[in-house]
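Reviewing the structure listed below.
The values are calculated or read from the model by the stated rules, or taken from the named source; none is laboratory data. Just so you know, these numbers come straight off a predicted model, no measurement behind them. With ideal geometry, Cβ positions are generated from the backbone for all residues, glycine too; neighbour counts draw on all protein chains shown. To get the accessible areas, we keep the full protein, side chains included, count just its heavy atoms, and leave off ligands, DNA and RNA. Shrake-Rupley method; radii C 1.70, N 1.55, O 1.52, S 1.80 Å.
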Amino acid sequence: MTPTKHTVHTRRDLWLLGALGVVVAVLLAFLVVGRTGAEDAADPVTAPQMGPVGDMSRRIDGDPLAIGAVDAPVVLIEYSDYRCPFCAKFSRDVEPALIDKYVDEGILRMEWRDLPIFGDQSMAAARAGRAAAAQGKFWEFNATVYAASPDRGHPDLTPESLRSFAAAAGVPDLDRFDREAADPSVDQSIYADMLEANTIGVSSTPSFVINGTPILGAQPLGVFDQAIEAAAGAAE
């Protein structure tokens, strides 16, 4: 029997529908397989675990106001004032142990932030610290000032005493130190440290942030041990 025009159209329509169905099925299969393959191939991105303050580290290679490997898994940020007796207590009682136990082992990096809150002499001392840093003697100057600090009250940090601390710390060019310690051009960097502290609600010294976890005050060594080891474990 000769197919009618109606029959021919019907067969053609059915063939087109069938072909379209095959195309749709192939596209769906491609999308599913492609998506699954992409998910399987993608490496999971693990963000470093940080405490509530977040990552405040700068990790600037060659920063004279930092000590420890730039890629250390844990960063301790210290907000301090040279006239703060409790900052001096941390410097004398805790900091050397942290350097020996964690910094020298590549676990910890320590970054200094100036937070001069005890008047004009605090600001002058912060400038002096930057002047010592310019000659590669920041941490020596830091330790020398704090070693002479009284257990209570605020030391009298005059230009003459700051120069004597610089000499004791081994700053080679004391005339340059005097000039730079009196130069207000470093104030912008000091104010940046102060603004950073205020942004996270830090208004007292000493204050610390260890991988985003704040520690307030000159706490015992064990408190820092616990925070550093927890942060190092989370970073693995």
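Computed values, structure above
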quantity	calculated
Efficiency of FRET between S185 and D120 - r from beta-carbon atoms, R0 25 angstrom, step 0.05	0.90
Contour minus Cα-Cα distance for L216 and D61 (0.36 nm per residue)	53.1 nm
Residue-by-residue Karplus 3J(HN,Hα) for the range 187-199, coefficients 6.51, -1.76, 1.60, Hz, glycine and proline x	4, 4, 5, 5, 5, 5, 5, 5, 5, 4, 4, 5, 4
Within the accessible area of the range 71-136 (1.4 Å probe), percent carbon and sulfur	49
For the range 84-205, diffusion coefficient by Stokes-Einstein and Kirkwood Rh (Cα), 25 °C, 0.890 mPa s, µm²/s	164
Label point distance in nm, I99-D173, each placed 7 Å from Cα along Cα→Cβ	2.5
For the range 133-143, Karplus couplings with θ = phi - 60° (6.51, -1.76, 1.60), whole Hz, Gly/Pro x	4, 5, 10, x, 10, 4, 5, 5, 4, 3, 5
Fully extended contour minus Cα-Cα distance, from S164 to A148, at 0.36 nm per residue	4.6 nm
Projected label distance in nm at S204 and Q226, using a 7 Å step from Cα toward the beta-carbon	1.9
